[in-house]
Amino acid sequence: MKNLINFQCPKWEDLPNEGLRSSGTIKYIESCLKDIYIEEPIITNTMIQNYRRWGLLDRSEGRLYYREDIAKLIVISIYKQVISIENINKGFNLAFKQMTVEKSFNSFSKILTENIQSLYKSMDQDGNFTIENKEISSKEVGVASIAYAYSMKLLGNLIIRKNGIENIRGKDNG
């Protein structure tokens with residue numbers, strides 16, 4: 001659980017833009033999400049091909065993946081744990097009407113990082129959990145609700161995997 005407090009989803013400017021082959025893209029995304037991912041595998045070549053076929057990614061030249069593709073793949077990797085691929089596609093369309101892919105990804109990155117880190121910060125030594133009252137802008141409500149749902153799913157899975165909340169952050173495990 002302690003690795004959650006240090007989780008940082010990469011920002012747009014941190015994403016590689018030199019054009020990665022599929023294997024490099026997969027390794028990069030796995031390195032970004034390995035500490036918070038619930039179900040394996042995080043991403044595979046077949047998944048990437050399917051996302052492209054379903055219209056979630058544009059066709060790439062030379063089978064290289066650039067910053068925009070990598071950003072979308074990170075978002076898809078998290079969102080598919082909570083909502084359907086069809087709704088991810090609709091969500092992309094809504095988000096990109098309101099802001100650029102860069103701004104949308106940075107919003108996602110910030111909110112996901114805050115939500116994941118808050119799992120650890122919001123739990124006291126006895127395992128009691130406090131949800132903070134936080135205002136979210138109308139442009140970020142959709143992103144925030146999915147990030148929150150994902151973080152709660154992550155917490156639920158951790159509780160089960162550790163055989164109880166007392167084994168996550170009890171007095172001797174803090």
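The values are calculated or read from the model by the stated rules, or taken from the named source; none is laboratory data. Computed from a predicted structure; not experimentally measured. Cβ placement follows ideal geometry from the backbone for every residue including glycine, while neighbour counts extend to all protein chains displayed.
Annotations
- Meets criteria (of a type outside the set (Lys, Arg) and not in a helix (DSSP H, G or I)) for GLU40: yes
- Flag if ILE116 is crowded, with 19+ Cβ neighbours inside 10 Å, out of contact with any strand residue (DSSP E or B) (no Cβ under 7 Å at 6 or more places or on another chain), at pLDDT 80 or above and among the hydrophobic types (A, V, I, L, M, F, W, C): yes
- Taking segment 23-44 as the range and being basic (Lys, Arg) and over 26 Å from ILE160 (Cα atoms) as the test, only LYS27 passes.
- Considering each residue of segment 75-95 in turn, at least one proves to be part of a loop (DSSP other than H, G, I, E, B) and without any contact (Cβ under 8 Å) to a residue 40 or more places away in the chain.
The rows are residues; the columns are (1) within 30 Å of ASP124 (Cα to Cα); (2) of a type in the set (Gly, Ala, Ser); (3) touching a residue at least 24 places away in the same chain (Cβ under 8 Å).
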| residue | (1), (2), (3) |
| --- | --- |
| GLN8 | yes, no, yes |
| ASP14 | no, no, no |
| ASN17 | no, no, yes |
| LYS27 | no, no, no |
| GLN49 | no, no, no |
| ARG63 | no, no, yes |
| ARG67 | no, no, yes |
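- Residue selection: PRO16 fails the criterion of being outside any helix (DSSP H, G or I), modelled with pLDDT of 95 or more, within 15 Å of the chain's Cα centre (by Cα) and not basic (Lys, Arg).
- Any chance ILE88 is at pLDDT 90 or above and touching a helix residue (DSSP H, G or I) at 6+ places or on another chain (Cβ under 8 Å): yes
- Residues in segment 124-158 that are touching a residue at least 60 places away in the same chain (Cβ under 8 Å), of a type outside the set (Gly, Ala, Ser) and more than 21 Å from TRP12 (Cβ to Cβ): LYS153, LEU154, ASN157, LEU158.
- From MET99, MET152, residue being more than 22 Å from ALA71 (Cβ to Cβ), surrounded by fewer than 18 Cβ atoms within 10 Å (Cβ to Cβ) and modelled with pLDDT of 85 or more: MET152
- Scan segment 54-99 for residues that are under 23 Å from SER151 (Cα atoms) and of a type in the set (Lys, Arg) and the total you get is 3.
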